[in-house]
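Remarks on the structure that follows.
The values are calculated or read from the model by the stated rules, or taken from the named source; none is laboratory data. Treat the numbers as computed from the prediction; the structure is a model and nothing was measured. All Cβ positions, even for glycine, are placed from backbone atoms using ideal geometry, and neighbour counts span all protein chains on display. All accessible areas refer to the heavy atoms of the entire protein, side chains included, with ligands and DNA or RNA removed. Shrake-Rupley method; radii C 1.70, N 1.55, O 1.52, S 1.80 Å.
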Amino acid sequence: VDAAQGLPFSPFECTREPGAGGWKAASYALAEIFAYVTKMGQMQRDIIYIALQDAYKARGFADEDTIELEYPTSEEVLRRIRQEEQARHVNNVSARCRSLLEMDLFRPVEQASDLLSSIRAGMVIDLHNLYSEEIQLAAGAFVLRKLYRDMFSWGYADRLRLVIVLDEAHRLARDVTLPKIMKEGRKFGIAVVVASQGMNDFHQDILGN
């Protein structure tokens, strides 16, 4: 899969249910990823978090009576980030998110299956055609978030089900989702291999696992 051609899912995938797959959890996790990739602080992350929550609410995720749900779009989320930063007089949030939301990193397909069913024969996600390291970092982070969200629907496993191999892993060594997969993924049958040239590249939680 050439990531420059678009990853085959929406970063805003979620349900209206509570838990790791729900819209509230998605709002927090996505804000965390945006802040990590673009090196933003807590106040800026909160602006993204509120903008995402508002985008989900506008699509009916907080309303149990809504039947046909659609995920927010990148354009809608960017517009809400811009509105929120203007209301709170915080600068440079939308500017730093723009490259992640405007460059067609995602090309969702209708009725997309989870990634596990797509990679039974193996899958390599190639990032080298993405034009900046920040975009490469974002693509990796969103794929890991997708796998983490999907794994809760797979159920527990008593055998190895999926191996995630991260080459040149220093680029994702401080990813916010990777330690969660390493901590929680074993019971779902997930193993993780990370390869880099130095142990100091890695987050302490990764080394601890």
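Please report the projected area of region 22-74's Cα convex hull averaged over all directions, in nm².
3.6
Quick check on region 76-193: what are the equivalent-ellipsoid semi-axes from the Cα gyration tensor, as sqrt(5λ), descending, whole Å?
30, 16, 15
Round to a whole angstrom and tell me the spacing of the C-alpha centers of region 77-96 and region 129-183.
If we compute the Cα centre of each part, the gap is 28 Å.
Probe 1.4 Å, all protein chains in place: accessible area of residue 16 in Å², nearest 10?
In the full protein context, residue 16 sits at about 70 Å².
In sequence order, what are the phi-derived ³J(HN,Hα) couplings for region 21-31 according to the Karplus relation 6.51 cos²θ - 1.76 cosθ + 1.60 with θ = phi - 60°, rounded to whole Hz, with x for glycine and proline?
Karplus values, whole Hz, x for Gly and Pro: x, x, 5, 5, 5, 5, 4, 5, 5, 5, 4.
I'd like to know how the chain sits against the 2.2 N^0.38 Å rule of thumb: what's its Cα Rg over that expected value?
In units of the 2.2 N^0.38 Å rule of thumb, it is 1.01.
With respect to the cross-link table entries 57/187; 24/183; 39/180, which display a Cα-Cα separation exceeding 24 Å?
Cα-Cα > 24 Å for 57/187; rest within.
Looking at the P(r) of region 142-209, how many percent of alpha-carbon pairs lie beyond 14 Å?
55
For the chain, what is the accessible area per residue in Å², given a 1.4 Å probe and the full set of protein chains?
That works out to 54 Å² for each residue.
Calculate what fraction, in whole %, of the accessible area of region 87-209 sits on carbon and sulfur atoms when a 1.4 Å probe is rolled over the protein chains.
Whole-percent figure for carbon plus sulfur exposure: 48.
Among 144, 198, 29, pick out the residue whose Cα is farthest towards the positive end of the charge dipole of the chain, where Lys and Arg carry +1 and Asp and Glu carry -1 on C-beta, about the Cα centre.
198
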